[in-house]
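The values are calculated or read from the model by the stated rules, or taken from the named source; none is laboratory data. No experiment lies behind these values; they were computed from the predicted model shown. Because the Cβ atoms are built from the backbone with ideal geometry, glycine has one as well, and the counts that use them run over all protein chains shown.
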Amino acid sequence: MSVTQCYSTAKLGSVPVTEIQEYIDHPNENLHAEYKRWLDLSLHENRANVARHIAALANHGGGFIIFGFDDETLSPTGSNPYDTSHYSHDGIAAITRKYLDPVPHCDVRDVLNGEYQHSVIVVPSHGATPICAKSDGPVVNGKVKGIKAGTYYIRKAGPESAPIVSSMDWVEVIRRCVTHDRAALLGALGAALASPKQSANTEDRLIRWHNASFAAYKQYVLDHGQPDHLYARSVHLSYLIETADGEALPKQNLKSVLREVNAEMRDRVNTGWSLFFPFDRVPIDPYFVTDSATGDANQFLEENLLREYGGGANGDFWRVADDGRATTIRPIRSDFLDLDGWRDGKLFSPNNAARELGELVRHAEGLSSRFREPQTVSFRCEWRGLEGRMIADPNSDWSPGRVARSASVVSFGQWPVTALSSRWPEIVSDLLAPLLRVFDPNFLLSSEWIHRAASGWRPIGNHYP
């Protein structure tokens, strides 16, 4: 299956691009994207160099190595002239096993750009332990080439993959290690803690945030002559993290934090078109704005993919604030399947709805771990354009006849932060329940069903521990 058709095995009428496709179509070398010419990976020096880049990207919080581009001009260099078996998942895994400890579980994908195919290594973030070189590269003229045993590498301005040489180089790596261990500890304690009562102020803040975002999204569609189905038939998912001391994350770090959280949540959902993915290219890169309708003057990051993708399946709109508020609006993406009933907006997939909620909860878990004392997360989820739709899925069988009687439905709830890892299937099931009742009063997908279904939520990049 082509990586650009990963949303479903059915053909899409308006094929969604993937996040990686964006980096292929619009090359932009930065600290989390390394572009390389095709390399003969049977040569030890080249393998050692690739290992160094993988280690540095992992210690940077994750990123991509993209082959088939000129290192200087970022122009395509044509087809791979070398043995392609070295560019397989097993080929790259052999490199990481030889040179790195702990071994990062990288994904490898082949992506088309016009007539050329590019291989991409998707490097995950390190976990509780940073990645260290455990073996030297080959010795050439008395010097070790590529990578040196016992060295920790990170990404530095240039961009380059270079050794850690100062205490400042360690700051972000240590922070991610502590965050990883802290999240694991909280998850283990979660089952023992009771759910707190929801604060009326918290609910009001979340409603204002949620509604202001939809108003801005709808106004953009209307002002730019885009099809009204973008807001009339949409999925709108929001959450709010409540902390003990009203903490806010540094605004200058917010985009990099979102990128880290995006890499982490691929352990649960990895379709290639993530919620809250922060792109780098104008005009689709996120930028800070304010909106008085939210109830405060705080700046937040806003990403508006309608600027580039218009009325297609990729027209996401999202906002994330440094105080832990997040909201995303997207078309019902299954409406873009090139199949009768789907493109006409007559069908609705509970499978896709469950997956998007699973991704939302995982994102909230990741972002909440960046705060010192996160306490609760409140969710508000809204689906529009439901009336007359029937339950179905292009890849699953559902009993016919379950038809929505309402045009829209809102789901909400609040849980302790610790429950986001230990009880996430239950949270997804609870948030999904009001939506399903619109189609059938007795329709419920249990937490056990959610847990089983989640095994299919990573149609690309399943190489995770």
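Quick check on the range 48-62. Is at least one of its residues assigned to a loop (DSSP other than H, G, I, E, B) and assigned by TED's automatic domain parsing to the domain that holds residue 35?
Yes, some residue in the range 48-62 is assigned to a loop (DSSP other than H, G, I, E, B) and assigned by TED's automatic domain parsing to the domain that holds residue 35.
Would you confirm whether or not the range 390-403 contains a residue that is at pLDDT 95 or above, closer than 28 Å to residue 208 by Cβ, assigned by TED's automatic domain parsing to the domain that holds residue 351 and not in a strand (DSSP E or B)?
Checked the range 390-403: no residue is at pLDDT 95 or above, closer than 28 Å to residue 208 by Cβ, assigned by TED's automatic domain parsing to the domain that holds residue 351 and not in a strand (DSSP E or B).
Could you identify the single residue in 408, 447 that is free of Cβ contacts under 8 Å to residues at least 40 places away in the same chain and within 15 Å of residue 355 (Cα to Cα)?
Selected residue: 447, the only one of 408, 447 that is free of Cβ contacts under 8 Å to residues at least 40 places away in the same chain and within 15 Å of residue 355 (Cα to Cα).
Report whether or not residue 115 is at pLDDT 90 or above and either in the same structural domain as residue 153 (by TED's automatic domain parsing) or out of contact with any Cys (no Cβ under 7 Å at 6 or more places or on another chain) (or both). Let's see the steps before the verdict.
Working: at pLDDT 90 or above: no; either in the same structural domain as residue 153 (by TED's automatic domain parsing) or out of contact with any Cys (no Cβ under 7 Å at 6 or more places or on another chain) (or both): yes.
No: the conditions fail for residue 115.
Name the residue that is farthest from residue 416 (Cα to Cα), counting only residues in the range 218-256 that are in a helix (DSSP H, G or I) and aliphatic (A, V, I, L, M).
In this case the residue turns out to be 222.
Which of the residues spanning the range 101-153 are within 20 Å of residue 69 (Cα to Cα), buried (at least 17 other Cβ atoms within 10 Å of the Cβ) and hydroxyl-bearing (Ser, Thr, Tyr)?
Selection gives 119 alone.
Within the range 257-297, can you find the residues that are of a type in the set (Asp, Glu), more than 17 Å from residue 212 (Cβ to Cβ) and not in a helix (DSSP H, G or I)?
Scanning the range 257-297 gives 267, 280, 285.
Within the range 297-308, how many residues are farther than 16 Å from residue 276 by Cβ and in contact (Cβ under 8 Å) with a residue 24 or more places away in the chain?
Number of matching residues: 4.
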